[in-house]
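Here is the structure we will look at, set down as structure tokens.
The values are calculated or read from the model by the stated rules, or taken from the named source; none is laboratory data. What you see is a predicted model, and the numbers here were worked out from it, not measured in a lab. Note that each Cβ is placed from the backbone with ideal geometry, even for glycine, and that neighbours are counted across all protein chains shown.
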Amino acid sequence: MTLPSPLYVILDPSAAKGRDPGAVLDAILAGGGRLVQLRDKTTPLARLLPLAQALRRRCREAGALFIANDRADLALALEADGLHVGQEDLPAPMARRLLRPGMILGVSTHDEAQARRALRDGADYVAVGSIFPTGTKAGFQLVGTALLRQLRREIPVPLVAIGGITEANAGEVVDAGADVVAVISAVCGAPDPEAATRRLLDRIRDAMRAGRPPGPSLTASGESL
């Protein structure tokens, strides 16, 4: 499969510093972001649904992929492009059976065994983290870039690095083998999310050009195949 961007912005209203999520998304899209996940762990579904519908519509109009976090029911109701699940969410094989044909399934992993299982379970991409310390997720498991390097040798689907990634260290995770860099606070919490998106995209693409060949999802310029 292909992903449309080497930058994966996870839109979490709790990280947006009180700003309207729709305005933050508009800034992300204006900055070139084309891969977005909605992550909201607290809002009841009845209140979350109209917001999610509006965000999904904005992404569709911009030609960006929209991924729902955790909730297969929400992903299906929105006709989202995909679903992302963690180790404590609906198991990937069950999620895959629920999703419509063509929907993307991403899985969070924290060690080699979990990554291998995600691949066997049909994950279209494997997320790996937390690469660096992060304040976004309580009780995070720190894995560092070493796990990325190990998995790069055996995981043929796109590897998505997540956790504490910033403009300053994004190149490091690309060098370690990440095909896609996922961020939350580095964009959602930035004073100017549009500018932050542009800078991160530039940093990631520069690292891809200067370093290793592109992985299974991207060309050397960071554009989709």
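What do you reckon, is ARG34 free of Cβ contacts under 8 Å to residues at least 60 places away in the same chain, under 14 Å from LEU7 (Cα atoms) and of a type in the set (D, E, K, R)? Don't jump to the end; show me each part of the working.
Numbers: free of Cβ contacts under 8 Å to residues at least 60 places away in the same chain: yes; under 14 Å from LEU7 (Cα atoms): yes; of a type in the set (D, E, K, R): yes.
Answer is yes for this residue.
Give the residues of segment 143-168 that are closer than 13 Å to GLY129 by Cβ and either in contact (Cβ under 8 Å) with a residue 60 or more places away in the chain or not small (Gly, Ala, Ser) (or both), sorted by residue number.
Of segment 143-168, the ones closer than 13 Å to GLY129 by Cβ are 143-148, 151, 159-165.
Once the filter is applied, which keeps residues that are closer than 13 Å to GLY129 by Cβ and either in contact (Cβ under 8 Å) with a residue 60 or more places away in the chain or not small (Gly, Ala, Ser) (or both), segment 143-168 yields VAL143, THR145, LEU147, LEU148, LEU151, LEU159, VAL160, ILE162, ILE165.
Looking only at segment 4-41, filter to residues that are among the charged types (D, E, K, R) and closer than 19 Å to ASP124 by Cα; which one of those is surrounded by the most Cβ atoms within 10 Å (Cβ to Cβ)? Write out each step before concluding.
Residues of segment 4-41 among the charged types (D, E, K, R): 12, 17, 19-20, 26, 34, 39-41.
In the following step, the residues that additionally are closer than 19 Å to ASP124 by Cα were identified as 34, 39.
Values: ARG34: 22, ARG39: 19.
For segment 4-41, the residue satisfying everything is ARG34.
Residues of segment 71-107 being among the small types (Gly, Ala, Ser) and in contact with a helix residue (DSSP H, G or I) (Cβ under 8 Å, 6 or more places away or on another chain), which ones?
Here is the first cut: in segment 71-107, the ones among the small types (Gly, Ala, Ser) are 72, 75, 77, 80, 82, 86, 92, 95, 102, 106.
Within segment 71-107, ALA72, ALA77, ALA80, GLY82, ALA92, ALA95 meet the criteria.
Part of a helix (DSSP H, G or I), crowded, with 20+ Cβ neighbours inside 10 Å and at pLDDT 95 or above: is that true of ALA190 in this structure?
Numbers: part of a helix (DSSP H, G or I): no; crowded, with 20+ Cβ neighbours inside 10 Å: yes; at pLDDT 95 or above: yes.
No, not satisfied.
Among the strands (runs of 3 or more DSSP E) contained in segment 18-113, which hold 1 or more residues that are small (Gly, Ala, Ser) and under 24 Å from ILE155 (Cβ atoms)? Talk me through it step by step, then tell me what you get.
On the way: elements: 35-38, 65-69, 82-85, 104-109.
Where strands (runs of 3 or more DSSP E) fall fully within segment 18-113 and carry at least 1 residues being small (Gly, Ala, Ser) and under 24 Å from ILE155 (Cβ atoms), they are 65-69, 82-85, 104-109.
Filter segment 59-73 down to the residues that are more than 15 Å from SER5 (Cα to Cα) and either among the aliphatic types (A, V, I, L, M) or touching a residue at least 24 places away in the same chain (Cβ under 8 Å) (or both), then identify the one that is surrounded by the fewest Cβ atoms within 10 Å (Cβ to Cβ).
ASP73
For segment 112-126, does any single residue satisfy the condition of being among the β-branched types (Val, Ile, Thr) and closer than 14 Å to TYR8 by Cα? Steps first, please.
Restricting attention to segment 112-126, the residues satisfying the condition of being among the β-branched types (Val, Ile, Thr) are 126.
Now restrict to residues that are closer than 14 Å to TYR8 by Cα: 126.
Yes, segment 112-126 contains at least one residue that is among the β-branched types (Val, Ile, Thr) and closer than 14 Å to TYR8 by Cα.
Out of the residues in segment 194-225 meeting the condition of being surrounded by fewer than 18 Cβ atoms within 10 Å (Cβ to Cβ) and aliphatic (A, V, I, L, M), tell me which one is modelled with the highest pLDDT.
That would be ALA195.
Within 25 Å of SER14 (Cβ to Cβ), aliphatic (A, V, I, L, M) and at pLDDT below 95: does that describe VAL143?
Numbers: within 25 Å of SER14 (Cβ to Cβ): yes; aliphatic (A, V, I, L, M): yes; at pLDDT below 95: yes.
Criteria met by VAL143.
Which of the residues that make up segment 154-184 are surrounded by fewer than 24 Cβ atoms within 10 Å (Cβ to Cβ) and of a type in the set (Val, Ile, Thr)?
Of everything in segment 154-184, those that are surrounded by fewer than 24 Cβ atoms within 10 Å (Cβ to Cβ) and of a type in the set (Val, Ile, Thr) turn out to be VAL157, THR166.
Examine segment 128-142 for a residue that is surrounded by 22 or more Cβ atoms within 10 Å (Cβ to Cβ), in contact (Cβ under 8 Å) with a residue 24 or more places away in the chain and in contact with a His (Cβ under 9 Å, 6 or more places away or on another chain), and state whether such a residue exists. Give the steps one after another, and end with the answer.
Filtering segment 128-142 for residues surrounded by 22 or more Cβ atoms within 10 Å (Cβ to Cβ) gives 128-129, 131.
From the residues that got through so far, the ones that are in contact (Cβ under 8 Å) with a residue 24 or more places away in the chain too are 128-129, 131.
Imposing the further condition that a residue be in contact with a His (Cβ under 9 Å, 6 or more places away or on another chain) reduces the set to 128-129.
Yes: one or more hits.
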